[in-house]
Amino acid sequence: MQLVVARIGRAHGIKGEVTVEVRTDEPELRLAPGAVLTTDPASAGPLTIETGRVHSGRLLLRFAGVQDRSGAEALRNTLLIADIDPEELPEGEDEYYDHQLIDLDVVTEDGTEVGRITEISHLPSQDLFIVERPDGSEVLIPFVEEIVTEIDLAEQKAVVAPPPGLIDDHAAGDEAAGGRGAEPGGDSA
């Protein structure tokens with residue numbers, strides 16, 4: 001199985017280093033010197049990591065065969081892809097790879113169906129489940145312990161305890177309007 005582990009940013013300096021936007025929780029494993037990564041676009045790779053270091057909070061990589069700024073700049077926006085065994089699990093007990101979570105059924109603690117996870121959005125502050133409801137609409141559920149109370153890979157489900165309004169927004173909106181729609185033609189004064 002292939003997973004995107006980073007996106008190459010701009011060149012750094014004149015000796016072929018690039019900044020990378022890390023997209024893995026295990027950069028020390030996936031982006032270590034000697035790692036061979038496929039790329040998207042495929043014509044840019046495969047790339048072998050020669051060196052890696054952190055500079056001002058940013059990971060810098062240098063690839064074998066890329067010796068100058070021009071070569072580094074040519075790699076900008078290239079995705080770095082690692083091949084992993086689909087049976088491999090993350091090191092942490094409560095950690096998951098995206099491919100393990102995609103297509104899980106999402107239910108509330110009382111068993112009410114919410115939908116199915118179609119995508120994971122990785123934001124700076126937290127990850128979000130993008131869940132497709134049975135009616136085709138989508139709901140975003142923060143992947144935080146307080147809301148996602150259980151991940152059961154054997155049963156292929158994620159159990160959630162959503163705060164009011166997170167998934168039942170239609171009911172909350174009707175309730176807030178006093179059960180009525182907006183009245184036509186009038187300003188509130």
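The values are calculated or read from the model by the stated rules, or taken from the named source; none is laboratory data. As the structure is a computational prediction, the values presented were derived from the model and not from experiment. Cβ coordinates were reconstructed from backbone atoms using ideal geometry, including for glycine residues, and neighbour counts include every protein chain displayed. These area figures cover heavy atoms from the full protein model, side chains too; ligands, DNA and RNA do not enter into them. Shrake-Rupley method; radii C 1.70, N 1.55, O 1.52, S 1.80 Å.
Of the labelled options [x] 1.37; [y] 1.16; [z] 1.02, which one gives Cα Rg over 2.2 N^0.38 Å as computed for this structure? Of the listed options [x] 1.37; [y] 1.16; [z] 1.02, [x] comes from this structure. With all protein chains in place and a 1.4 Å probe, the accessible surface of the chain carries 48 percent carbon and sulfur.
How would segment 24-66 be classified by its alpha-carbon gyration tensor: rounded, prolate or oblate, with rounded meaning a/c under 1.5 and the a/b versus b/c comparison settling the rest? Prolate shape, in that a/c is at least 1.5 and a/b is the bigger ratio.
Taking all protein chains as they are arranged and a probe of 1.4 Å, the heavy atoms of D110 leave approximately 120 Å² accessible to solvent. Would you mind working out the accessible area per residue for the chain, using a 1.4 Å probe, and quoting it in Å²? With all protein chains present, the chain gives 61 Å² per residue. Inter-label distance, Q100 to T38: 2.2 nm, where each label sits 7 Å from its Cα along the C-beta direction.
Rounded to the nearest 20 debye, the dipole size of the chain about its Cα centre is 1700 debye, using +1 on the Cβ of Lys and Arg and -1 on the Cβ of Asp and Glu.
For segment 93-163, applying the loop criterion from DSSP together with a ceiling of 13 other beta carbons within 10 Å to the GluC sites (Glu not before Pro) yields E93, E95, E109, E145, E146, E155.
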